[in-house]
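**Student:** Have a look at this one before I ask anything.
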Amino acid sequence: MLKTPTRSTTRTHSWCGPTALSALTGLPYDVVYKKMVASINRHSRATAKRRGYHADTWVQKSFQGVSVDDLAVAGKSLKLTIEWSTQHKGTTLLTFVRDHTVKGKVYLAVAANHYVVVKDGIVYDNTPTGPHPIDEYPRAKLGRITHWAQVRPRPEALA
């Protein structure tokens, strides 16, 4: 399930949210980015309609940052289950990986407003040098966890 994320071929900068979903799904960054924009637009229009706003013509063409809810919605469209937790909020990424992760499981974490994917002590993010062991990851001691999720494929994705 976990792949080294691909860099964008059409953009000069790769954002951490789509990069994390690219690592989780194995899809190219540009495909994930387009699917994220589409799913966030669908979700935002539906939310606006429920709240009584006229949202038929509103479309977001791109984004620079996404909330944890937006990332969960995009993950659902990519056949992933992302259920956020704040149980270890405030611990560093290094402490979270060493003390609170289980070998073989895949985690998505938000540390210092940055999405990273962690599996077996390896951190996947949008740095151009590729995946890093947690001990060599530059943000390991600086980034404090605000949210984390154990990521699983949705049942229909396994069929």
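**Student:** Give the number of residues within region 96-121 that are over 16 Å from I82 (Cβ atoms) and in contact with a His (Cβ under 7 Å, 6 or more places away or on another chain).
**Tutor:** 2
**Student:** Test of understanding: among T129, T86, T95, which residue is farther than 21 Å from A72 by Cβ, among the β-branched types (V, I, T) and exposed (fewer than 13 other Cβ atoms within 10 Å of the Cβ)?
**Tutor:** Working: T86 fails: farther than 21 Å from A72 by Cβ; T95 fails: exposed (fewer than 13 other Cβ atoms within 10 Å of the Cβ).
Of the residues listed, the single one that is farther than 21 Å from A72 by Cβ, among the β-branched types (V, I, T) and exposed (fewer than 13 other Cβ atoms within 10 Å of the Cβ) is T129.
**Student:** Give all pairs with beta carbons closer than 9 Å in which a residue from region 15-44 that is among the basic types (K, R) meets a residue that is assigned to a helix (DSSP H, G or I); count only pairs at least 6 apart in sequence or on separate chains.
**Tutor:** Partner pairs satisfying both residue conditions: K35/P18; K35/L21; K35/A74; K35/S77; R42/V73; R42/S77.
**Student:** Going by what's in this entry, would G52 be described as more than 22 Å from R154 (Cβ to Cβ), in a loop (DSSP other than H, G, I, E, B) and either basic (K, R) or at pLDDT 90 or above (or both)? Before the answer, list the steps.
**Tutor:** On the way: more than 22 Å from R154 (Cβ to Cβ): yes; in a loop (DSSP other than H, G, I, E, B): yes; either basic (K, R) or at pLDDT 90 or above (or both): no.
The answer is no for G52.
**Student:** For region 102-109, indicate whether the set of residues that are within 17 Å of the chain's Cα centre (by Cα), at pLDDT 90 or above and of a type outside the set (A, V, I, L, M, F, W, C) is non-empty. If you could, list the steps in order and put the result at the bottom.
**Tutor:** If we filter region 102-109 for residues that are within 17 Å of the chain's Cα centre (by Cα), which is where we start, we get 105-109.
Add one more test, that the residue is at pLDDT 90 or above, and what stays is 105-109.
Add one more test, that the residue is of a type outside the set (A, V, I, L, M, F, W, C), and what stays is 105, 107.
Yes, that holds for at least one residue.
**Student:** Quick one: is S14 within 13 Å of the chain's Cα centre (by Cα), under 22 Å from I145 (Cα atoms), modelled with pLDDT of 65 or more and assigned to a loop (DSSP other than H, G, I, E, B)? Break it down into steps so the answer makes sense when it comes.
**Tutor:** On the way: within 13 Å of the chain's Cα centre (by Cα): yes; under 22 Å from I145 (Cα atoms): yes; modelled with pLDDT of 65 or more: yes; assigned to a loop (DSSP other than H, G, I, E, B): yes.
Considered against the rule, which asks whether it is within 13 Å of the chain's Cα centre (by Cα), under 22 Å from I145 (Cα atoms), modelled with pLDDT of 65 or more and assigned to a loop (DSSP other than H, G, I, E, B), S14 comes out as yes.
**Student:** Quick check on region 30-43. Is at least one of its residues surrounded by fewer than 13 Cβ atoms within 10 Å (Cβ to Cβ), β-branched (V, I, T) and either under 21 Å from K105 (Cα atoms) or modelled with pLDDT of 85 or more (or both)?
**Tutor:** No, region 30-43 contains no residue that is surrounded by fewer than 13 Cβ atoms within 10 Å (Cβ to Cβ), β-branched (V, I, T) and either under 21 Å from K105 (Cα atoms) or modelled with pLDDT of 85 or more (or both).
**Student:** Follow-up. Condition test on D120, is it closer than 22 Å to D70 by Cα, surrounded by 13 or more Cβ atoms within 10 Å (Cβ to Cβ) and acidic (D, E)?
**Tutor:** Details: closer than 22 Å to D70 by Cα: no; surrounded by 13 or more Cβ atoms within 10 Å (Cβ to Cβ): yes; acidic (D, E): yes.
In short, no.
**Student:** Could you count how many residues in region 56-70 are closer than 19 Å to V31 by Cβ and either at pLDDT 85 or above or in a helix (DSSP H, G or I) (or both)?
**Tutor:** So the answer is 1.
**Student:** Please go through region 110-132 and give me each residue that is assigned to a strand (DSSP E or B) and either out of contact with any strand residue (DSSP E or B) (no Cβ under 6 Å at 6 or more places or on another chain) or of a type in the set (A, V, I, L, M, F, W, C) (or both), ordered by number.
**Tutor:** At the first step, the residues of region 110-132 found to be assigned to a strand (DSSP E or B) are 110-111, 115-119, 122-124, 132.
Of everything in region 110-132, those that are assigned to a strand (DSSP E or B) and either out of contact with any strand residue (DSSP E or B) (no Cβ under 6 Å at 6 or more places or on another chain) or of a type in the set (A, V, I, L, M, F, W, C) (or both) turn out to be V110, A111, Y115, V116, V117, V118, I122, V123.
**Student:** Mind listing whichever residues of region 108-117 are free of Cβ contacts under 8 Å to residues at least 60 places away in the same chain and buried (at least 19 other Cβ atoms within 10 Å of the Cβ)?
**Tutor:** Of region 108-117, the ones free of Cβ contacts under 8 Å to residues at least 60 places away in the same chain are 109-113.
Hits for region 108-117 are A109, V110, A111.
**Student:** When region 71-109 is examined, which residues are found to be in a loop (DSSP other than H, G, I, E, B) and within 9 Å of W148 (Cα to Cα)?
**Tutor:** Scanning region 71-109 gives E83, W84, T86, Q87, H88, K89.
The values are calculated or read from the model by the stated rules, or taken from the named source; none is laboratory data. Keep in mind that what you see is a predicted model, and the values were worked out from it rather than measured. Note: ideal-geometry Cβ built from the backbone for every residue, glycine included; neighbour counts use all protein chains shown.
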